[in-house]
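One structure is given here, and the rest of the page talks about it.
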Amino acid sequence: MTRVFSGIQPTGEIHLGNYLGALRNWQKMQHECDAVYCIVDLHALTVPQDPKELHAATLRMAQLLLATGIDPEKATMFVQSHVREHTEGGWLMETTVSFGELRRMTQFKDKSERADFISAGLFTYPALQAADILLHDTEEVPVGEDQKQHIEITRDIAERFNSRYGETFVLPKAVIPKTGARVMDLQNPENKMSKSAESPQGLVKLLEPLKSIEKKFKRAVTDTETEVRYDPAAKPGVSNLLSILAAVTDGDPHELAKGYTQYGPLKTDTAEAVVEAIRPIQARYEELANDPAETARLLGLGADKAREVAARTIARAKKNLGLLEG
Ligand code: TRP
């Protein structure tokens with residue numbers, strides 16, 4: 001089975017776009033691949049965080065991932081800081097990547113332009129990400145366009161390390177997931193749904209009250225025509241509803257369009273389908289949120305599994321580097 005690694009930052013509330021675009025696919029992948037899912041709390045530290053908020057956000061992210069159906073017996077799901085080998089591997093990667101390579105990372109350029117405090121960690125961020133990936137003998141990393149550069153640098157680091165010190169790391173490749181809907185903002189359907197939405201009405205969060213989700217769909221922006229047709233360029237609002245409905249019902253947006261002659265029923269049906277998809281997730285989330293001991297147990301299980309693989313890889317890397325065994 002293909003070893004697949006995905007990382008997610010704990011900060012930022014999960015919305016419908018994250019869920020239909022990526023997380024639902026995580027749930028599917030665990031059955032088809034040897035999947036490793038990591039909540040990258042150490043990466044979150046590259047910008048200053050409020051400790052209480054970071055703590056709560058990490059716990060919430062773990063509970064939400066479990067609630068969406070990630071099965072800790074099937075996949076390996078863990079918190080990055082629980083597995084010290086990641087920090088250790090990060091240093092080994094920092095000494096293998098060059099200053100020039102890191103300086104070319106577009107995400108660093110974007111983030112550092114906006115930050116008042118630019119930590120050294122923000123600059124070396126891709127080295128820690130490379131450690132995440134390489135420590136687990138990862139073959140594939142499903143990512144969006146924005147992360148492709150980080151996977152390419154990881155591959156370069158692995159190649160350089162292997163050629164300097166001998167075969168140590170598996171060379172990973174980026175894969176753009178085939179499935180996964182591109183969910184647009186319900187009020188500004190030309191833009192991707194995002195947590196920095198202009199109006200909260202356009203953003204559907206996975207943990208918001210179901211009534212409020214329903215309302216947001218009923219008030220979704222459409223257009224001044226009346227025809228229901230899947231045509232994202234000419235009819236972004238209507239097409240967004242159709243593709244969301246298609247994603248949650250495993251249907252086809254063109255086919256679904258044929259069943260509607262008015263916008264009202266399309267909105268109602270999409271609202272209902274989304275609410276019914278989210279309802280069990282929220283119910284399971286509530287259970288976990290009320291049982292922190294169970295969450296801790298499951299994260300402990302994940303960390304143990306992750307540590308086993310990571311420790312083996314780190315030992316191999318240290319030996320090949322000529323570090324003295326302790
Ligand atoms: N950099 C990724 C992001 O911002 C998160 C991440 C950290 C990651 N380590 C990873 C993603 C390893 C894939 C593989 O979304």
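With the Cα gyration tensor of the stretch 149-248 in hand, give its eigenvalues times 5 under a square root as the equivalent ellipsoid semi-axes, listed largest first in whole angstrom.
The equivalent ellipsoid of the stretch 149-248 has semi-axes of 41, 16, 12 Å.
Does anything in the stretch 135-164 have its amide N under 11 Å from the 7 Å Cα→Cβ label point of Val170, and if so which residues?
So the set is 135-141.
Can you list the residues, at least 5 places off or on another chain, whose amide H is less than 5 Å from the amide H of Asp34, using H built in the peptide plane?
Distant-sequence amide H within range of Asp34: Thr2, Arg3, Val4.
Compute the long axis of helix 120-135 from its Cα atoms, compare it with the longest principal axis of the Cα atoms of the chain, and write down the angle in degrees, 0 to 90, nearest 10.
That helix lies at roughly 90 degrees to the long axis.
Within the stretch 161-205, which residues have the backbone N less than 19 Å from the label spot 7 Å out from Lys215 along Cα→beta-carbon, could you tell me?
186-188, 197-205
Among 165-173, 1-9, how do they line up from the highest to the lowest mean number of other beta-carbon atoms within 10 Å?
For the peptides 165-173, 1-9, the packing ranking is 1-9, 165-173.
Would you please classify the overall shape of the stretch 42-170 from the alpha carbon gyration tensor, given that a ≥ b ≥ c denote the square roots of the eigenvalues, rounded means a/c under 1.5, and beyond that prolate means a/b larger than b/c while oblate covers the rest?
It comes out oblate by the Cα gyration axes.
Using modelled amide H (1.01 Å from N, peptide plane; none on Pro or chain starts), what sits under 5 Å from the amide H of Lys192, excluding residues fewer than 5 places away?
The list, which skips near neighbours in sequence, is Asp185.
In 10 Å bins starting at 0, how do the alpha-carbon pair distances of the chain split up by percent?
Percent of pairs per bin, in order: 5, 24, 30, 24, 12, 4, 1, 0.
Hey, with R₀ at 35 Å, roughly what FRET efficiency would Lys28 and Leu324 work out to, going by the Cβ-Cβ distance, to 0.05? Don't skip to the end; give the middle numbers.
Values: r = 45 Å, r/R0 = 1.28.
Calculated value: 0.20.
How many angstrom separate the Cα center of the stretch 79-95 from the Cα center of the stretch 241-280?
Between the Cα centres of the stretch 79-95 and the stretch 241-280 lies a distance of 43 Å.
So what's Rg/Rh here for the stretch 1-92, counting alpha carbon atoms and using the Kirkwood radius for Rh?
Computed over Cα atoms, the ratio is 0.97.
Can you pick out the pairs among Lys111/Lys218; Lys178/Lys258; Lys52/Lys173; Lys52/Lys148; Lys211/Lys235; Lys173/Lys258 whose Cα atoms lie more than 28 Å from each other? Provide the component values of the computation, followed by the final result.
Values: Lys111/Lys218 36 Å; Lys178/Lys258 25 Å; Lys52/Lys173 36 Å; Lys52/Lys148 32 Å; Lys211/Lys235 26 Å; Lys173/Lys258 39 Å.
Check vs 28 Å cut-off fails for Lys111/Lys218; Lys52/Lys173; Lys52/Lys148; Lys173/Lys258.
Can you give the Rg and Dmax of the stretch 200-286 based on its C-alpha atoms, in angstrom?
Rg and Dmax of the stretch 200-286, Cα atoms, are 12.9, 41 Å.
None of the figures in this text is laboratory data; all of them are computed from the coordinates on show. Quick caveat: nothing in here was measured; it's all calculated off a predicted structure. All Cβ positions, glycine included, derive from the backbone under ideal geometry; neighbour counts span all protein chains shown.
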